[in-house]
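For reference, the structure discussed in these notes is given below.
Every number in this text was worked out from the coordinates using simple rules, so none of it is lab data. For clarity, every value in this text was computed on a predicted model and none was experimentally measured. In this analysis, Cβ positions are derived from the backbone assuming ideal geometry, glycine residues included, and neighbour counts consider all displayed protein chains.
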Amino acid sequence: MYAELHCHSAFSFLDGASLPEDLVATAHELGYAALALTDHNGLYGSMTFAQAAKPLGLQTITGAEVTLSDGAHLTLLAETSQGYANLCRLLTEAHLGRADRRDPRLAVESLAARQEGLIVLSGCRREGLLPRTLDAEGLTAARKVAERCKEVFGKDRFFVELQRNRVRGDIALTRALIDIAAAVRLSVVATSSHCSKTVLMLSPIRWPSPSAPQRST
Ligand SMILES: [Zn+2]
Ligand SMILES: [Zn+2]
């Protein structure tokens, strides 16, 4: 099964150009089973998105790419109705009390407290929590952040996100993120670039657990 889990519509300024209904049409044309809409800090196009997908039988996933207090991005996907409710509350909270209403921020503690029903991906290649830490503080610090995320969200709810944006440094970054995921024993998912017409796929890789019980035959 292929599903795109990181996709911006025109509601994400500078990161998306297509309307939600156009994204749905393209994903359907390409034969994808599901598509997540993850606009920045809001669910602006989610209703249109769901309505456009329904007659086509395309599964939609409601999500958002949130900006944390320090500016790092995380991708959130609602897996259940509780997750959707939590996502709505978190987005409201991110906008509340901000002096600059165009710059919502979410405290990671709030996300930790309302994580039920949400899947968390480590964010885009540019400002994602792990790429950003890697860039600013190096591999050891990024590995620690990944470990902390695993503790907070759990290894079944937090995934290391890999993106290919066809820019310089892509391959090295992908390798570093795969190394971190392997070291911390987290799964990785491939998501799209920030090109609205480029719809790529979910490709989960699960690392074999050394402590997995051997099947007795
Ligand atoms: Zn993004
Ligand atoms: Zn981002």
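Assuming charge only on the beta carbon of Lys and Arg (+1) and of Asp and Glu (-1), the dipole of the chain about its Cα centre is about 480 debye to the nearest 20.
When region 20-216 is described by a simple charge dipole with +1 on each Lys and Arg Cβ and -1 on each Asp and Glu Cβ, the residue from Ser81, Ser122, Leu56 located farthest towards its positive end is Ser122. Just to be sure I understand the curve: with the Debye formula and one point per C-alpha of region 20-216, what is log10 I(q)/I(0) at q = 0.10, 0.14, 0.18 Å⁻¹? Computed log10 I(q)/I(0) values: -0.42, -0.83, -1.32. Net charge in the neighbourhood of Phe49 (other residues with Cβ under 15 Å of its Cβ; Lys, Arg +1, Asp, Glu -1) is -4.
Stokes-Einstein diffusion for region 1-133, with the hydrodynamic radius set to the Kirkwood value over Cα pairs and evaluated at 37 °C in a medium of 0.692 mPa s, equals 221 µm²/s. Where both residues lie in the chain, what percent of DSSP beta bridges are antiparallel, nearest 5? So the antiparallel bridges amount to about 40 percent of the total.
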